[in-house]
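Visitor: Submitted below is the structure of interest, expressed as structure tokens.
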Amino acid sequence: MLRLLDGKAMALTVRERVRQAVQALARQGRTPGLAVVLVGDDPASQVYVRNKDRAAREAGIEARTLLLAASTRQVELEARINELNQDPSVHGILVQLPLPSGLDAARIVRAIDPAKDVDGLHPENVAALAMGDSTGLVPCTPAGCVEILDQSQVPLAGSRVVVLGRSALVGKPLALLCLQRDATVTIAHSKTLDLPQLCAQADILCAAVGRPELVRGSWIRPGACVIDVGINRLASGKLVGDVAFDEARLVAGSLTPVPGGVGPMTIAMLLENTLRAAQRSFAKRSGATTQVARARQERC
Ligand code: NAP
């Protein structure tokens, strides 16, 4: 019998957890701040940014969106990011990708202070994840996939996980997170041979390829857990995942729908990353204040 993994409901649990932690900070006179930078007027990006802004405000996070023209030059954008790096009221910075052509996204990501990099894409955070160091910030979508598995009590330790897709945003970090949690992980990509046979070995199959309904029901091991990260809009306007949902539901043991699966969880994890970055910044600042006070006392 299929268990539908309701990402929307699970995301609400995370958002409530964040809201309560933000309230606790507010009682100490502290407010986490998130800055979202949108360059250009891509309609899909505008929707994503609006949703992130709204979710952050609902959680009590002070959200601001910087709207910059598509003609913004690299140096100008880097200067704006530097201002946000220096701003103590901003704890999380997210530059909405993709950027308009002519802007070097990799350089922009490197310009963000790693402690404020709530997208988890700065090389320092990528390295932390690769080294199994849990102090870094982890990309939101893969973190959301693991949160869905955790909330659904699907065990990762000892499971065979197949991740379809090897992007820096989803596939690779998701594989590393699963590995960190003692799963046996295989990463597949566009050059992988015999995908159906490989997928059929998975206890947990994660699809992040951006190919509408690539994964057929016959690729899925009966009873497997299927996490569908894909968001693809068909010519008809319908939104579908990377998994053929109507086929998968007949075989899988549990399955995330599209929409209403990984998508809402991605935003929830952004809020959690912002909270984490803020908590660290507050702790660091009060640590520094204590040190100054102690030094003063010693001098008296
Ligand atoms: P991406 O950067 O385009 O990467 C796609 C990956 O899939 C690549 O590694 C590619 O292999 C692989 N691939 C493409 N066609 C394949 C095929 N026929 N067989 C096997 N592998 C194939 O995409 P992404 O940013 O990771 O995003 C993947 C999907 O997730 C998209 O639908 C995107 O919209 C969605 N997404 C959703 C969320 C969310 O919040 N739910 C967030 C981010 C992304 P090569 O490396 O060999 O090219």
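Only the coordinates and a few stated rules stand behind these numbers; no lab work does. All values derive from a computational prediction rather than experimental measurement. Cβ: placed from backbone, ideal geometry, glycine included. Neighbour counts: every protein chain shown.
Visitor: Helix 262-299 versus the longest principal axis of the chain: what angle, 0 to 90°, nearest 10, using Cα atoms?
Guide: 30
Visitor: What Rg and what Dmax come out for region 16-113 when only alpha-carbon atoms are used, in angstroms?
Guide: 14.3, 45
Visitor: Using only Cα atoms, find the angle between the long axis of helix 171-180 and the longest principal axis of the chain, and express it within 0 to 90 degrees, rounded to the nearest 10.
Guide: Roughly 80 degrees between the two axes.
Visitor: Right, next: Taking other Cβ within 10 Å of each residue's Cβ, how do LYS238, LYS52, LYS8 sort, fewest first?
Guide: Listing LYS238, LYS52, LYS8 from fewest to most nearby Cβ atoms yields LYS238, LYS8, LYS52.
Visitor: Related question: For a quick check: sort HIS91, HIS122 by the number of other beta carbons within 10 angstrom, fewest at the front.
Guide: Taking fewest neighbouring Cβ atoms as first place, the list is HIS122, HIS91.
Visitor: With the cut-off at 28 Å, report for the chain the share of all Cα pairs above it, as a whole percent.
Guide: 41
Visitor: Grab the DSSP H runs of the chain that are 4 residues or longer, score each as -39,500 (n - 2.57), total them, divide by all residues and round the 222 nm result to the nearest 500 deg cm²/dmol.
Guide: Only helices count here, giving -14000 deg cm²/dmol.
Visitor: Which of PRO259, VAL162, VAL90 sits farthest toward the positive end of the charge dipole of the chain, with +1 on the Cβ of Lys and Arg and -1 on the Cβ of Asp and Glu?
Guide: VAL90
Visitor: From Cα pairs below 8 angstrom and at least 6 apart in sequence, can you work out the relative contact order of the chain, rounded to a whole percent?
Guide: Details: 571 pairs, mean separation 62.1, N = 300.
Relative contact order of the chain: 21 percent.
Visitor: With +1 assigned to the C-beta of every Lys and Arg and -1 to the C-beta of every Asp and Glu, and no other charges, what is the dipole magnitude of the chain about the Cα centre in debye, to the nearest 20?
Guide: Charge dipole, the chain, about its Cα centre: 660 debye, nearest 20.
Visitor: Distance between Cα centroids, region 44-63 to region 182-238: provide it in whole Å.
Guide: 29
Visitor: Something else now. Between ARG249 and ALA157, how many nm apart are label points set 7 Å from Cα along the C-beta direction?
Guide: Label-label distance for ARG249 and ALA157, simple model: 3.4 nm.
Visitor: In whole angstrom, note down how far apart the Cα centers of region 77-105 and region 254-294 are.
Guide: Answer, in whole Å: 18.
Visitor: When the dipole is taken about the Cα centre of region 16-113, and only Lys, Arg (+1) and Asp, Glu (-1) are charged at their Cβ, what size is it in debye, to the nearest 20? Could you put the intermediate results ahead of the total?
Guide: Details: 13 positive and 12 negative charges, 75 e Å.
Taking the Cα centre of region 16-113 as origin, the dipole is about 360 debye.
Visitor: What ranking do VAL75, VAL154 get, fewest neighbouring Cβ atoms within 10 angstrom at the top?
Guide: VAL75, VAL154
Visitor: Further, regarding this structure: Show which lysines lie in cross-link reach of LYS8 when reach means a straight Cα distance below 30 angstrom and same-chain residues fewer than eight apart are skipped.
Guide: Candidates past the 8-residue exclusion: LYS52, LYS116, LYS172, LYS238.
Visitor: Which values, in whole Å and largest first, are the semi-axes of the equivalent ellipsoid of region 138-265 obtained as the square root of 5 times each eigenvalue of the Cα gyration tensor?
Guide: 19, 16, 15
Visitor: May I ask you to compute the full-extension gain from GLU298 to ARG27, defined as 0.36 nm times their residue separation minus their alpha-carbon distance, rounded to one decimal in nm?
Guide: Here the answer is 94.5 nm.
Visitor: Additional query: Please determine, in degrees from 0 to 90 and to the nearest 10, the orientation of helix 74-86 with respect to the longest principal axis defined by the Cα atoms of the chain, where the helix direction is its Cα long axis.
Guide: 60
Visitor: Return the distance in nm (one decimal) between the two label points of a simple spin-label model at THR192 and ASN85, each offset 7 Å from Cα along Cα→Cβ.
Guide: That separation, rounded to one decimal, is 3.7 nm.
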